[in-house]
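Accompanying notes for the structure given below.
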């Protein structure tokens, strides 16, 4: 029987991924917008939080949010074409990560590790992310 | 209440890893002059001061100056734990120096973002914390988290390297004299931490101290030869462990006023019901609770090492012993006990505990009598004798209870203080410039 219990030898990417799954959708989009700057998902998650406080991560926070929203909208089609949205989302986040991340990775060829991780979290939370993206592209934070 | 019994494996955390978010520059206070005015002056950039600044930040109070003589955020704190070769905090993960009630990344999340570099023991502690059990925090994780907090709340930019000398009322504001000049502040938060306790005068310590007699916080170098450690708290345990791990022998002197106890501050004091229990106590009752919980204590993780060293003769423990004097020169030191016996050593390490920094000089005539008698409003931590001045950290023990010295107590204090400052700003600072707090 496969268990999704939290092991101490859990994969690093999975552990940070589970943290991403619980981030505010705004932070997910900003992370997506800034992912090209950093390949380390952990460093990116920390910098995004700091940017939410200070308003800047290389460029203004709101501008990264809009950029992230556009990126999400454009990568959605590629994800859909690969059948990512047809996958069931298990209720437990760890199980969801293990199912979604391997599907998102090949759907975004050439993408940075941090982009794939953030896109996986966006897929998992897509209803909220879609809503936030629409608002962000209309100028709302 | 569940008793927390950590094992010796916790002491094996590595130190010096550069975990995600690590950047030493984040802790360096800005090297600028003081402005003439500020909304809030925080004296002390240690964990209590950091908690105060982050709490104020989340309530929109950004015109804050943080003053610290070390020039670094949590500088004294890290110097002291490094001098002990300490590698884990005693605090559990839920005690962190961030602001209360905000969706900031918490210490536990930060540890998980560092997963790749954590040992299996450290990962297990994370899992314990996720399961609602107590899990202790590696100092490397804590240090990277403090750096993150400092950057997120722009604490370094608000910092100045200097010392608060005095405060006096000036109209409806406060005039603070500092080593960098004077500044008018709407409020002053005293987060001045704890000072290592002095040795009793009757010991006649040489002045200046030779290199063979050292206080616990002054050096991380082990004694090269037989050592004597005086004291019975966590600092003493770290010093003894370091000597034993270097292959040395130790004589451990526990004075009559001390006892070795495998215990920690009662966890209930960190919970709302514990704080309510403390707040309901009479003045004498509070003093008794504080005395009881100021006893030095050593956590269980040291016990196997100390017991085995005592069994095989590497550690000699003198319990219930009083010291008559300590002498020393550049080569060796010697302890004389009250019964006249002498203990020669290559070095004597003094781990005599800490006591809250004396704020009476800063407060001047507003502090009549002992600093311990300062009257503080429980709900706001504001000094009765000097409105606008707030106490946090160890100085707030009379209002917050035994937890005041702990990270969690700092956060509780910061919440009370920041709310009080914001409430007072709504019309009670008529001399402040328009647009400021």
Region B:343-379, subset at pLDDT 95 or above and surrounded by fewer than 20 Cβ atoms within 10 Å (Cβ to Cβ), residue nearest to residue B:185 (Cα to Cα): B:346
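Tell me the residue from B:39, B:35 that is assigned to a loop (DSSP other than H, G, I, E, B), on the phi < 0 side of the Ramachandran plot and more than 14 Å from chain A (Cβ to nearest Cβ), please. Break it down stepwise before answering.
Details: B:39 fails: assigned to a loop (DSSP other than H, G, I, E, B).
Answer to the check: B:35.
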Conditions (1) closer than 30 Å to residue B:132 by Cα; (2) crowded, with 17+ Cβ neighbours inside 10 Å; (3) within 14 Å of chain A (Cβ to nearest Cβ); (4) modelled with pLDDT of 95 or more: number failed by residue B:18: (2)
Qualifying residue in region A:53-65 (condition: farther than 19 Å from residue A:116 by Cβ, in contact (Cβ under 8 Å) with a residue 60 or more places away in the chain, surrounded by 20 or more Cβ atoms within 10 Å (Cβ to Cβ) and more than 14 Å from chain B (Cβ to nearest Cβ)): yes
Some residue of region B:405-417 being under 21 Å from the mean Cα position of the chain (by Cα) and under 30 Å from residue B:251 (Cβ atoms): yes
So residue B:237, is it crowded, with 21+ Cβ neighbours inside 10 Å, touching a helix residue (DSSP H, G or I) at 6+ places or on another chain (Cβ under 6 Å) and modelled with pLDDT of 95 or more: no
Residues that are more than 24 Å from residue A:139 (Cα to Cα), in a helix (DSSP H, G or I), within 9 Å of chain B (Cβ to nearest Cβ) and in contact with a helix residue (DSSP H, G or I) (Cβ under 8 Å, 6 or more places away or on another chain), drawn from region A:15-50: A:15, A:16, A:18, A:19, A:41, A:42, A:46
So residue A:43, is it buried (at least 19 other Cβ atoms within 10 Å of the Cβ) and closer than 23 Å to residue B:107 by Cα: no
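Within region B:76-166, considering only helices (runs of 4 or more DSSP H) that don't extend past its boundaries, which have at least 2 residues that are more than 9 Å from chain A (Cβ to nearest Cβ) and under 20 Å from the mean Cα position of the chain (by Cα)?
Details: elements: B:107-113, B:120-130, B:139-152.
Answer list for region B:76-166: B:139-152.
The values are calculated or read from the model by the stated rules, or taken from the named source; none is laboratory data. Treat the numbers as computed from the prediction; the structure is a model and nothing was measured. Using ideal geometry, Cβ is built from the backbone for each residue, glycine included, and neighbour counts are taken over all protein chains shown.
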